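First up is the structure itself, then whatever we jot down about it.
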Amino acid sequence: MLAKTPPPPYYAVIFSSIRTEVDSGYGETADRMVELAHEQPGFLGVESARNEVGVTVSYWKDLESIKNWKANTEHLAAQQSGIKNWYAQYVTRIAKVERDYSFLKE
C-alpha cells in the first residue's frame, strides 16, 4: 500500500540498503520500527521494497520530526543492530517534497 501523504511540502527520508546474510531478528525489528514510527509526532507514512537493494521511504511533516525520530532510543538501538548485523551498506537521504501527483486505476 502506498502512503497517503498530505499536500506538499513535507519531507521524505529515503533509506537504501544492501543486506548481509544475517537474518536473525531483522524482520521483527523492521516491523517494530514501522510500528514505533507511527507513534512519532510528525510521521506521515512509509513505503518499502526489497530485492538486491532495499528501499524504505518514510514521510515526515518537518525536519524536527525527523531529528526526533533519529534520536529515539529504541530506533538508535535498532540502528546499531543494523550496523553490527544486518547491513553490508546503507545510505540515508533526506529530501523536501515540493510537488506530488498520483494515479489510481478504478
Exercise. Take region 47-73 and flag every residue that is of a type in the set (D, E, K, R) and exposed (fewer than 11 other Cβ atoms within 10 Å of the Cβ).
Key: Glu52
Quiz item: Any idea which of (1) outside any strand (DSSP E or B); (2) without any contact (Cβ under 8 Å) to a residue 24 or more places away in the chain; (3) surrounded by 10 or more Cβ atoms within 10 Å (Cβ to Cβ); (4) not acidic (Asp, Glu) is the one Leu104 doesn't satisfy?
Solution: (3)
Practice problem: Provide a single number: the residues in region 1-28 that are under 13 Å from the mean Cα position of the chain (by Cα) and either buried (at least 17 other Cβ atoms within 10 Å of the Cβ) or part of a strand (DSSP E or B) (or both). | Solution: 7
Quiz prompt | Test result for Thr56, within 12 Å of the chain's Cα centre (by Cα) and either under 15 Å from Thr29 (Cα atoms) or in a helix (DSSP H, G or I) (or both) | solution = yes
Exercise. Scan region 59-79 and give yes if some residue there is among the polar types (S, T, N, Q), part of a helix (DSSP H, G or I) and under 18 Å from Ser16 (Cα atoms), otherwise no.
Key: yes
Self-check item: Selection count where residues are hydrophobic (A, V, I, L, M, F, W, C) and assigned to a helix (DSSP H, G or I), scope region 31-53
Solution: 4
Practice problem: For Gly54, state whether it is at positive phi and in contact (Cβ under 8 Å) with a residue 12 or more places away in the chain. | Solution: no
Quiz item: If we keep just the residues of region 83-96 that are touching a residue at least 40 places away in the same chain (Cβ under 8 Å) and outside any strand (DSSP E or B), which is surrounded by the fewest Cβ atoms within 10 Å (Cβ to Cβ)?
Solution: Asn85
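Any read-out appearing in this document is the output of simple, stated calculations on the displayed coordinates, not a laboratory observation. Bear in mind that the values here come from a model prediction, so they are computed numbers and not experimental data. Ideal geometry is used to build each Cβ from the backbone, glycine not excepted, and the neighbour counts take in all protein chains shown.
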